[in-house]
Amino acid sequence: EYIDSYYFNQVEHIRFNSTVGKYVGYTEHGLKNAEAWNKGSELAQELGELERYCKYNAAIDYSAVL
């Protein structure tokens, strides 16, 4: 699971969660940004990071834990 959270003043405003597959807002400002980011290129960028980093390293990390 890949999670990318954005905080300001120790309050989480917005989060990308790979399980959900989109940005989720937790404040009024975060909700507006999540809606805009889910329609823009930011979502494609996060999905690219999921493919580039997480899926590539998942097998390596899993074998190291075992």
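Computed values, structure above
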| read-out | value |
| --- | --- |
| Relative contact order of the chain, pairs being alpha-carbon contacts under 8 Å that are 6 or more residues apart, as % | 22 |
| Rounded to the nearest 20 debye, dipole of the chain from Cβ charges on Lys, Arg, Asp, Glu | 100 |
| Residue-normalised accessible area of the chain, expressed per residue, 1.4 Å probe, Å² | 75 |
| Qualifying lysines (Cα of each under 28 Å from Cα of LYS55; at least 8 residues distant if same chain) | LYS22, LYS39 |
| Neighbour-limited loop hits for GluC sites (Glu not before Pro), the chain (at most 15 other Cβ within 10 Å; DSSP other than H, G, I, E, B) | GLU1 |
| Reported label for calculated Rg and Dmax of the Cα atoms in Å given (1) 13.2, 43; (2) 13.7, 42; (3) 11.6, 34 | (2) |
| Accessible surface of the chain, 1.4 Å probe, proportion on carbon and sulfur as whole % | 55 |
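The values are calculated or read from the model by the stated rules, or taken from the named source; none is laboratory data. All figures in this text were calculated on a predicted structure; none of them were measured in a lab. Glycine also receives a Cβ, built like all others from the backbone with ideal geometry; neighbour counts cover every protein chain displayed. In case anyone asks, the SASA skips ligands and DNA or RNA and just uses the protein heavy atoms, side chains included. Shrake-Rupley method; radii C 1.70, N 1.55, O 1.52, S 1.80 Å.
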